[in-house]
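Structure record follows, encoded as structure tokens.
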Amino acid sequence: MKFWNARYPIAIDLSDGAEMCALQLAAPRGVAVVRAAARRDVRTGDGGAPADGDVRDFIRDVLRSRAFRGRAVALLPPVDAVRSYPLRVEVGKEETFEAALVRHAASDLKISVDEWSLDYASVGPPGPAGKGTRDVLLFAARNEDVSRYLNLVKQAGGVLEVINSSASALVRAYTISGAKPNPVLLCNVGRSGAALVVASCDSILAHRNANWGTERLCRKLIDNLGVSRQSIDADFLLRKHGLLHAVAVDADSGSSGPTDDTARTVGQLLAPLADELVRELHNLVGYVRSGAPDVVMDGLFLYGRGARVNGLAEYIARELNVEGRSMNPLERLGWQHAQVIPGLADEGTAYALALGLAMRRIPWL
């Protein structure tokens, strides 16, 4: 994967209410590599948006680090700050597509450009001849929120060049591994929430955010098994056992699964929570198929901290009757200065959205 004459901003991912991530790419000799990465826990830990002071301090520390270059920032704000809407746009005679988009946003969604900043992540093919209609995935952010983050980045010493959505960032991260011919399910599970996307090779068909993250799984184990909140015991159990037993117990395979009591207990505790995520994905797929009944899903790709939960991708895939894979997109990239990114190989899954955001080249830099 080559990016000629590209300059990359510093990507700041605030979409997960439990942690903040930063990542920047470089392109020595035209090949993209990771220049630097950083991560910080959000002190509240309640899954809400990080405090403005914490955001400002994190961005300031990143900009002052010698590992990162420049002051240009691309931002992925908390999920509530950017909303997505499916919209069918009909372009009138002598009307530009952008003008039609603004008109439909105002009439169909009651969203005015006086209060909202609008962007579109995906535009479907034209409708039947003479109709001039296109299906669009519209993103909208309140102007007051845009101004707020512009000021926060400025106070930290940076320049906010672009605000993006989790759906767009996730799709870019997916393209590193090559796009499938049919639509796929993309699922980024963070500590406090999940971004769910159905995307084809040329458009985003659907997107929603779900209040489902790995901290719920950890709390379930802590409450039922008595592991310490101050230790890594719960995370260890997710990585070692997770839903492995629940996946292995399959009547069709004739396997009774692992006989380890701990694996069985962990799987039984986590399966009902995993079913909640499965229902969210079922609903998303159902929405897509309501408009295209013959669509065939080409698999599930699981990113984020959810990719480190043993068996989660396989469990979801089995319930949805598709193939499933856990993904670490950073494995596809080299590192320019690996010594400044300790632990990146193990924690790479948590940077999926930051990577997708960092891939958005800004031509005027």
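The values are calculated or read from the model by the stated rules, or taken from the named source; none is laboratory data. For clarity, every value in this text was computed on a predicted model and none was experimentally measured. No Cβ is skipped: glycine too gets one built from the backbone with ideal geometry, and neighbour counts run over all protein chains shown. Each accessible area value is taken on the protein alone, full model and side chains, heavy atoms only, with ligands, DNA and RNA left out. Shrake-Rupley method; radii C 1.70, N 1.55, O 1.52, S 1.80 Å.
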(message) Tell me yes or no: at least one residue of segment 115-137 is open to solvent by 80 Å² or more (accessible area, probe 1.4 Å), part of a loop (DSSP other than H, G, I, E, B) and at pLDDT 90 or above.
(response) yes
(request) Take segment 64-83 and flag every residue that is over 16 Å from residue 361 (Cα atoms), of a type outside the set (D, E, K, R) and touching a residue at least 60 places away in the same chain (Cβ under 8 Å). (result) 67, 77, 78, 79, 81, 82
(message) Take the residues in segment 290-305 that are assigned to a helix (DSSP H, G or I) and farther than 25 Å from residue 327 by Cα; name whichever of them is modelled with the lowest pLDDT.
(response) 291
(request) May I ask you to list pairs of residues, at least six apart or on different chains, whose Cβ atoms are under 7 Å apart, with the first in segment 118-133 being among the polar types (S, T, N, Q) and the second being modelled with pLDDT of 75 or more? (result) 122/136; 122/137; 122/203; 122/204; 133/88; 133/89; 133/90
(request) Among the residues of segment 83-102, write down those that are more than 23 Å from residue 143 (Cα to Cα) and of a type in the set (D, E, K, R). (result) 88, 90, 93, 94, 95
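Among the strands (runs of 3 or more DSSP E) contained in segment 8-72, which hold 3 or more residues that are crowded, with 24+ Cβ neighbours inside 10 Å?
Qualifying strands (runs of 3 or more DSSP E): 10-13, 19-26.
Residue by residue through segment 245-281, note down the ones that are of a type outside the set (D, E, K, R), open to solvent by 60 Å² or more (accessible area, probe 1.4 Å) and at pLDDT 95 or above. Lay out the reasoning, then the answer.
Here is the first cut: in segment 245-281, the residues of a type outside the set (D, E, K, R) are 245-249, 251, 253-259, 262-263, 265-274, 277-278, 281.
Next, from what is left, pick out any that are open to solvent by 60 Å² or more (accessible area, probe 1.4 Å): 249, 251, 253-254, 256, 259, 262, 268, 272.
272, the sole residue that qualifies.
For segment 138-147, give me the residue count where each residue is in contact (Cβ under 8 Å) with a residue 60 or more places away in the chain and open to solvent by less than 20 Å² (accessible area, probe 1.4 Å). Don't jump to the end; show me each part of the working.
Going through segment 138-147, the residues in contact (Cβ under 8 Å) with a residue 60 or more places away in the chain turn out to be 141-142, 145.
If we keep only those that are open to solvent by less than 20 Å² (accessible area, probe 1.4 Å) too, we end up with 141.
Counting residues in segment 138-147 that are in contact (Cβ under 8 Å) with a residue 60 or more places away in the chain and open to solvent by less than 20 Å² (accessible area, probe 1.4 Å) gives 1.
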(request) For segment 148-177, name all the residues that are more than 20 Å from the chain's Cα centre (by Cα) and open to solvent by 60 Å² or more (accessible area, probe 1.4 Å). (result) 148, 150, 151, 154, 155
(message) Looking at segment 314-365 only, could you name the residues that are in contact with a helix residue (DSSP H, G or I) (Cβ under 7 Å, 6 or more places away or on another chain), open to solvent by 80 Å² or more (accessible area, probe 1.4 Å) and at pLDDT 90 or above?
(response) 314, 318, 323, 325
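Condition first: among the aliphatic types (A, V, I, L, M) and surrounded by fewer than 15 Cβ atoms within 10 Å (Cβ to Cβ). Now tell me which residues in segment 73-104 satisfy that. Even if it seems obvious, please write down each step before you answer.
Restricting attention to segment 73-104, the residues satisfying the condition of being among the aliphatic types (A, V, I, L, M) are 73-76, 79, 81-82, 87, 89, 91, 99-102.
Correct list: 99 only.
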(request) Please identify the pairs in which a residue from segment 271-285 that is within 12 Å of residue 318 (Cα to Cα) has its Cβ atom under 7 Å from the Cβ atom of a residue that is acidic (Asp, Glu) and open to solvent by 10 Å² or more (accessible area, probe 1.4 Å), counting only partners at least 6 apart or on another chain. (result) 278/319
(request) Filter segment 84-114 down to residues that are part of a loop (DSSP other than H, G, I, E, B) and of a type in the set (Gly, Ala, Ser) and give me whichever is nearest to the chain's Cα centre (by Cα). (result) 112
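From the list 235, 202, which one is modelled with pLDDT under 90, open to solvent by 10 Å² or more (accessible area, probe 1.4 Å) and more than 24 Å from residue 314 (Cβ to Cβ)?
Details: 235 fails: more than 24 Å from residue 314 (Cβ to Cβ).
That would be 202, the only listed residue that is modelled with pLDDT under 90, open to solvent by 10 Å² or more (accessible area, probe 1.4 Å) and more than 24 Å from residue 314 (Cβ to Cβ).
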